[in-house]
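Have a look at the structure below, then the notes.
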Amino acid sequence: MKVIVTTGGVLSGLGKGVTTASIGRILKDRGYNVIPVKIDGYVNVDPGTMNPYEHGEVYVLDDGSETDLDLGHYERFLNTDLTGESNMTTGSVYKTVIEKERRGDYLGKTVQIIPHITDEIKRRLRKFKDADVLLIEVGGTVGDMENMVFIEALRQLSRENENKFLFVHLSYVPVIPSGEQKTKPTQHSVKELLSLGIQPNIIIGRCETPLTEKTREKIALFCGVRPDEVLSDPDIEDIYDLPMIFRDQDMHNILVKKLCLESKPVYDFQWEDNVKRTHSCKKEVTIGIFGKYTGLEDAYLSIKESFKHAGAVNGCKVKLKWVESEDVTSKDFASLDAILVPGGFGSRGVEGKITAIKYAREHKIPFLGICFGLQLAVVEYARNVCNLKNANSTEVDPDTKYPVIDLIPEQKGLSKKGATMRLGAYECDISRNSIAYRLYQQDKVFERHRHRWEVNPEYIGVLEEKGLVFSGKCQGKNLMEILELPNHPYFVGCQFHPEFKSRPEKPAPLFAGLVGAALKSKKS
Ligand code: GLN
């Protein structure tokens, strides 16, 4: 197993996740088996309990792990399904070590950061021995107190495995008003890395513009690499272009040579073809997203990406209009070709989302409701079609007379909040003759979940009687997974999150269906 480590310098938010994913893609296109791992320095065991406004979306894997959103980039760029082992946090490492200590595994010893914490980090990383290349992204910026111990563990591992490690440092190169690219911040951040015992082998300059020859030479001279080992990561419109931008700078050959990887004569152009096809799309649809974290697009990152994939299969670009659901007015519906209500928690902004759903249903605007979006579509239908006045979810109104959405029985009485939702991939049986079947072309699908509430089985009868169709169900558990309306161009809700399995090479069917319907209704 060879290892590539990516670290970040100067600033956070440089797109280290996309850079790491692009390096992975370059290697995958050449036929190497790549496994990515994200290291996060925070003390939370996982990001599941964090507010998406602070940390961006919580990304859910098949195995139910709640992970950092960079895992989403990795899965999309590599078209692979990862496990929770690909996300390591300070909290999770300490938890294991402290549990071992309490069990008595270290009896007689003083348990210390070095070697016990570093050993646990190394133990976890060694488990990926089946990978040709293990790709490790260290979150945050070099010099942060919270990722020091991880960098130390990686330094130790690299010493134990001479010639098997490659350190890639992504750093910021600002452009001052005169137009000059400045390398000093990069020089300082490489010094910081050197003080931790690590000499980077490749430096990537994140800059508005491609790095000039002069800038590359200067970074090379001051940072101990050759000019051809300094690469550019300029501003781009489409993140999916980045693997090609790196490839055009010969990154693949540098990686193969430096890691002494067995060279493979293959090159898969599928990714590039796909990206080119997307760029050639001329048509456009506008989709309104009614959510409560619309101020931070990262809070809905996978949804944003899913629309790119869904646009490409429909031959169109998708423009997203973010609407804060707390203050919805009729003006918000102007010029929308479709409406999406994403997942959510709590009562803020709920009535605005319900207004949007009602509008979509009555005006026959294509609609997709995800998780909370499905639940609120049921609330809207119960109130306005089934005449169940003030029907609600007990999450929003615990005393509602008509609790059409209620806690899943297994969820009742749970007090712990971390990793206790219904999480991960569960099966959904799809009925024939439905929109869902037309899109999935399968009787059974596995999609990822993250919720505690469900459609209350006691109200299924009345909802169905009034025309709502549950076309997807988790049979064994009587959980309603997909709803739809006949006599509507596209009114679909799903209890799961299809955005977590959408890839450029495999768009999520329910997103593709929404964009297709938007395009059709725009024409008519
Ligand atoms: N709050 C709802 C629940 O827990 C919906 C969750 C979501 O949209 N992910 O069931």
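Assess whether Lys358 counts as being away from the ligand (no atom under 16 Å from the Cβ), closer than 30 Å to Pro509 by Cα and out of contact with any Lys or Arg (no Cβ under 9 Å at 6 or more places or on another chain).
When the stated conditions are applied, Lys358 does not pass them.
Identify all residues within the range 401-425 that are of a type in the set (Ser, Thr, Tyr) and crowded, with 19+ Cβ neighbours inside 10 Å; write none if there are none.
Tyr402
Checking the structure you have, find out if any residue of the range 388-409 is part of a helix (DSSP H, G or I) and away from the ligand (no atom under 12 Å from the Cβ).
yes
Report, ordered by the first and then the second residue, all pairs with beta carbons closer than 8 Å, sequence separation of six or more or different chains, a first member in the range 330-352 that is more than 17 Å from Ala299 (Cβ to Cβ), and a second member that is acidic (Asp, Glu) and within 12 Å of the ligand (Cβ to nearest atom).
Between residues of the range 330-352 that are more than 17 Å from Ala299 (Cβ to Cβ) and residues that are acidic (Asp, Glu) and within 12 Å of the ligand (Cβ to nearest atom), the close pairs are Ser347/Glu395.
Which residue, of Asn163, Asn147, is assigned to a loop (DSSP other than H, G, I, E, B), under 30 Å from His252 (Cβ atoms) and touching a residue at least 24 places away in the same chain (Cβ under 8 Å)?
Asn163
So is Arg155 in contact with a strand residue (DSSP E or B) (Cβ under 7 Å, 6 or more places away or on another chain), touching a residue at least 40 places away in the same chain (Cβ under 8 Å) and in a helix (DSSP H, G or I) or not?
So Arg155 fails the test.
On the given criteria, is Leu125 in contact with a helix residue (DSSP H, G or I) (Cβ under 7 Å, 6 or more places away or on another chain), in a helix (DSSP H, G or I), under 22 Å from Ile23 (Cα atoms) and touching a residue at least 40 places away in the same chain (Cβ under 8 Å)?
yes
Val462: surrounded by fewer than 21 Cβ atoms within 10 Å (Cβ to Cβ), among the β-branched types (Val, Ile, Thr), farther than 20 Å from Ala508 by Cβ and modelled with pLDDT of 95 or more, yes or no?
For Val462, the condition - surrounded by fewer than 21 Cβ atoms within 10 Å (Cβ to Cβ), among the β-branched types (Val, Ile, Thr), farther than 20 Å from Ala508 by Cβ and modelled with pLDDT of 95 or more - is met.
Being surrounded by 22 or more Cβ atoms within 10 Å (Cβ to Cβ) and over 32 Å from the mean Cα position of the chain (by Cα) is true for just one of Thr186, Thr215. Which residue is that?
After ruling out the rest, the residue left standing is Thr215.
This table checks each residue for (1) surrounded by fewer than 18 Cβ atoms within 10 Å (Cβ to Cβ); (2) away from the ligand (no atom under 16 Å from the Cβ); (3) among the β-branched types (Val, Ile, Thr).
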position: Ala310; (1), (2), (3): no, yes, no
position: Asn314; (1), (2), (3): no, yes, no
position: Asp337; (1), (2), (3): no, yes, no
position: Gly343; (1), (2), (3): no, no, no
position: Ile370; (1), (2), (3): no, no, yes
position: Leu374; (1), (2), (3): no, no, no
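For the range 230-268, name all the residues that are assigned to a loop (DSSP other than H, G, I, E, B) and buried (at least 16 other Cβ atoms within 10 Å of the Cβ).
Passing the criteria: Gln249, Leu259, Leu261.
For the range 177-194, indicate whether the set of residues that are modelled with pLDDT under 95, in contact with a helix residue (DSSP H, G or I) (Cβ under 9 Å, 6 or more places away or on another chain) and part of a loop (DSSP other than H, G, I, E, B) is non-empty.
no
Mind counting the residues in the range 12-59 that are surrounded by fewer than 18 Cβ atoms within 10 Å (Cβ to Cβ) and assigned to a strand (DSSP E or B)?
Here the count works out to 0.
The values are calculated or read from the model by the stated rules, or taken from the named source; none is laboratory data. Because the structure is a prediction, the values reported are computed rather than measured. Note that each Cβ is placed from the backbone with ideal geometry, even for glycine, and that neighbours are counted across all protein chains shown.
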